[in-house]
Amino acid sequence: MTSAAHRAAERVARDSYGRLVAFLAARTRDVSGAEDALAEAFASALKSWPEDGIPTNPDAWLLTVARRRQTDAARRRQTRTAGEVHIQLMTEELEEASAQPEAIPDRRLALMFACAHPDIERGMRAPLILQTILGLSAIDIAAAFLIPPTTMGQRLVRAKARIREAGIPFAVPEREDLAARLDAVLEAIYAAYAKGWTEIGDTAAERLADEAIWLGRLVVSLLPDEAEAKGMLALMLYAEARRQARRDANGAYVPLNAQDVDLWDEAQILAAEALLHEANRAAGSTGRYQIEAAIQSAHVARRVSGRPNWDSVVALYDVLLNLTHSPVALLNRAAALAETDGPEAALASLDAIADDRRMENYQPYWAARGHLAARAGRKTEAHEALTLAIGLATDDAVRHYLIAQRATLRDD
């Protein structure tokens, strides 16, 4: 029974964490308090469910316990006369939701836009969304944004406090205020997808990718005129279409240029193409996600022509790099440039970010550098870079692929 209770708690944490945090924090605007109350509720569940049995509605059970913790904390913070009405309203709302868990309003999108409010430090808006909505740890978020974990943790604490102190409302903003916040919302959703996409074979990571796609669809459905939202969803669907081709029959990692295009999911590709066309027809300038989706579309063209379209890919990366000045965009451009101008030209382009401290522990940088150096015949450099990439790899299939690649190097 203990293992079944733990599995049930894990399922609820995976499926409902963001929804419950968003609901608990909606009235109080105290995100940290909502997270603490929910954490205590999960701790209580792990103690009582093995003995008393898993409740029929685990979400409602957790919400009830978290509500009690939250109400007790509110009473401790406020005097009776100043806080009584507020506490009563909060209690009534939470009790009603607990009684009808299927009717709990999904306020995740509203919380996402609250986290993207102009009063929140710009660089912390997307990380804050990732933690509050998807429950990612500061360590995971720090890796995604190339920031030290301790620094990220401290900034997240300050950002949550800012929501409460500034009284930031949980609401999708009016259209004139939307653009300033939408970028952070899209950045967070895509960062979540990227984490789920990178860790091949990890069931939890794949669920994270599914959740990101769900959130992307939600944003597109609520904001159908936003081209970048469609571009981002298209980008995720293009990538998702290739998921089954990223491993061979033995579970070994397969890089993009060696994938069997017949394994790519045609329905996902067609949906992505349709979204990208809709985004491109929209008024306004073309944004980052539309360009990245166009790059994926250029890769997909190989299914029809049978040949890679590297010239178009490099040209699109040039546009993306001019727009974002991102070291990751430059890294990806170098991989494509190697196919048109050769590995030496690609390595020369990577020199522009060689001294960027964010690349020191960025596994894809060292993997790409090692691969390119090997192609250029720089065996010592390739061995060193691949060794670093192997040490930084978190995916066993990728690690074995890199080890095999390093093993092909021979001393002269």
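The values are calculated or read from the model by the stated rules, or taken from the named source; none is laboratory data. As the structure is a prediction and not an experimental result, all values here were calculated from the model. Neighbour counts run over all protein chains shown; Cβ positions are idealised from the backbone, glycine included. Accessible surface areas use protein heavy atoms only, side chains included; no ligands, DNA or RNA. Shrake-Rupley method; radii C 1.70, N 1.55, O 1.52, S 1.80 Å.
Rounded to the nearest whole Hz, the Karplus-based 3J(HN,Hα) values (6.51 cos²θ - 1.76 cosθ + 1.60, θ = phi - 60°) of the range 236-248 follow the sequence 5, 5, 4, 5, 4, 4, 9, 4, 5, 8, 7, 10, 8, with x at glycine and proline.
In the chain, helices alone account for a calculated mean residue ellipticity at 222 nm of -24000 deg cm²/dmol, with every DSSP H run of four or more residues adding -39,500 (n - 2.57).
Under 17 Å from a point 7 Å along the Cα-to-Cβ line of Glu360: which residues of the range 114-146 have their amide N that close? So the set is 142-146.
Accessible surface calculations at 1.4 Å, restricted to protein heavy atoms, place the chain at 48 Å² per residue. Could you check how many percent of all C-alpha pairs in the range 260-412 are farther apart than 28 Å? Summing the P(r) of the range 260-412 above 28 Å gives 29 percent of all pairs. For the range 306-372, the pair-distance distribution built from all alpha carbon pairs, in bins 10 Å wide starting at 0, is 22, 54, 21, 2 percent. When the alpha carbon coordinates of the chain are projected onto the principal axes, the ranges are 80, 52, 41 Å, largest first. Near Arg247, the amide H atoms lying under 5 Å from its own belong to Val254; only residues 5 or more places off or on other chains count, and H is placed 1.01 Å from N. Ile291 contributes about 10 Å² of solvent-accessible surface, heavy atoms of the protein only, 1.4 Å probe. Between Ile54 and residues 5 or more places away or on another chain, which pairs have amide H atoms under 5 Å apart, with H built 1.01 Å from N, and which residues are they? When sequence neighbours closer than 5 places are left aside, there are no close amide H contacts. Taking Rh as the Kirkwood radius computed over C-alpha pairs, what is the Stokes-Einstein D of the range 325-412 at 37 °C in a medium of viscosity 0.692 mPa s, expressed in µm² per second? After rounding, the answer is 254 µm²/s. With R₀ fixed at 25 Å, the C-beta to C-beta distance from Val319 to Ala348 puts the FRET efficiency at about 0.75. Ordering Gly196, Leu223, Pro169 by the projection of their Cα atoms onto the charge dipole of the range 155-287, which places +1 on the Cβ of Lys and Arg and -1 on the Cβ of Asp and Glu, puts Pro169 at the extreme positive end.
For a straight C-alpha distance cut-off of 28 angstrom, the lysines reachable from Lys230 (same-chain residues fewer than eight places away being disregarded) are Lys195. Computed from backbone phi, the HN-Hα couplings of the range 297-312 come to 5, 5, 5, 5, 4, 4, 5, 8, 7, x, 10, x, 10, 5, 4, 5 Hz, rounded to whole numbers (Karplus: 6.51 cos²θ - 1.76 cosθ + 1.60, θ = phi - 60°; Gly and Pro given as x).
With the full set of protein chains in place, find how many percent of the accessible area of the chain is carbon and sulfur; take the probe as 1.4 Å.
On the way: 9710 of 19920 Å².
For the chain, the apolar C and S fraction of the accessible surface comes to 49 percent.
Relative protection proxy for 150-161, 333-344, 121-132, 251-262, from highest mean packing down: 121-132, 333-344, 150-161, 251-262 (other beta-carbon atoms within 10 angstrom).
Set the Förster distance to 45 Å, then compute FRET efficiency between Asp260 and Asp72 from the Cβ-Cβ distance, nearest 0.05. Walk me through the numbers on the way to the answer.
Working: r = 58 Å, r/R0 = 1.28.
Once the sixth-power term is evaluated, E becomes 0.20.
Selection among Leu347, Ala389, Leu331 by position relative to the dipole of the range 325-412 gives Ala389 as farthest towards the positive end (Cβ unit charges, Cα centre).
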